[in-house]
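We did not get these values from a lab; they are worked out from the coordinates using the rules stated. Remember, predicted model here, so these are calculated numbers, not experimental data. A quick note on method: Cβ atoms are made from the backbone with ideal geometry, for glycine too, and the neighbour counts reach across all protein chains shown.
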Ligand code: FPP
């Protein structure tokens with residue numbers, strides 16, 4: 001936790017830190033428009049927030065950080081904005097991979113990247129390969145990702161296994177379906193953050209956010225700095241997660 005939280009918790013149980021944080025980075029366009037700049041300037045400024053958020057996460061021992069960079073619905077945006085976003089992803093990957101390496105961070109992109117320009121797909125694969133051995137944190141970038149799409153492709157792969165006779169449909173349970181999603185083997189997000197003022201999940205990690213703590217802030221993504229990220233972690237640390245139990249049971253058992 002932050003220094004402040006450490007002081008507050010001196011002598012008490014340490015505030016829990018989320019193992020997995022998921023973020024919808026919203027508000028880039030409005031940030032730029034407020035300054036009379038093109039929306040793209042907001043996306044570019046947003047890269048700095050990605051950097052500072054990663055730093056806070058590794059400092060606090062977060063194991064997985066999943067950020068929503070491009071949703072399957074973002075294709076509805078003007079073509080020029082989409083093209084500039086693709087350019088930005090490409091240059092950010094080129095520039096940041098060295099920093100990921102020196103911080104022992106593994107990069108993974110989840111989503112249907114086949115729809116992206118070939119050059120970007122290649123860069124994504126190369127960056128994933130270059131960082132594959134890193135262990136300190138997993139940075140998971142959701143790109144052309146949709147929660148319903150993920151559940152659908154999981155269902156399709158189980159149905160295909162059943163059709164091949166490798167699986168009895170009666171044996172399909174929640175764990176099996178979870179293992180067929182793109183987040184197989186990872187802890188579910190403990191903390192979900194959305195910046196930019198809207199309070200919705202927008203088809204992000206639908207299956208995985210069943211018990212996730214939600215944190216909404218009006219702060220626009222380019223203004224979401226290290227202090228804001230620490231504020232979100234502090235809010236998480238103060239929550240009681242009951243997973244269906246009573247508050248009294250949680251007090252006794254945890
Ligand atoms: C939402 O803001 C943001 C996006 C669709 C793109 C997010 C991309 C970045 C922060 C770039 C860096 C990412 C990586 C992985 C290097 P919005 O455009 O919807 O803002 P608005 O709601 O104000 O219009």
Handout entry: Simple label model, 7 Å out from Cα along Cβ direction - residue 94 to residue 73, nm
Key = 3.2
Handout entry: For region 139-254: rounded, prolate or oblate by the Cα gyration tensor [a/c cutoff 1.5]
Key = oblate
Practice task
Would you mind calculating the relative contact order of region 182-233 from Cα pairs under 8 angstrom and at least 6 residues apart, reporting the percent as a whole number?
Solution key: 43
Problem - Percentage relative contact order, the chain, counting C-alpha pairs under 8 Å, at least six apart - result: 28
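Based on the alpha-carbon gyration tensor of region 27-132 and its eigenvalue square roots a ≥ b ≥ c, which shape applies: rounded if a/c is under 1.5, prolate if not and a/b is larger than b/c, or oblate?
It comes out oblate by the Cα gyration axes.
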Practice task
Compute the relative contact order of region 137-254 as a whole-number percentage, counting only Cα pairs closer than 8 Å that sit 6 or more residues apart in sequence.
Solution key: 22
Handout entry: Paired Rg and Dmax values of the chain, which use every Cα atom, in angstrom
Key = 19.2, 60
Fill in the blank from the handout: Expressed in angstrom and rounded, the centroid-to-centroid distance over alpha carbons for region 130-146 and region 48-67 is 12
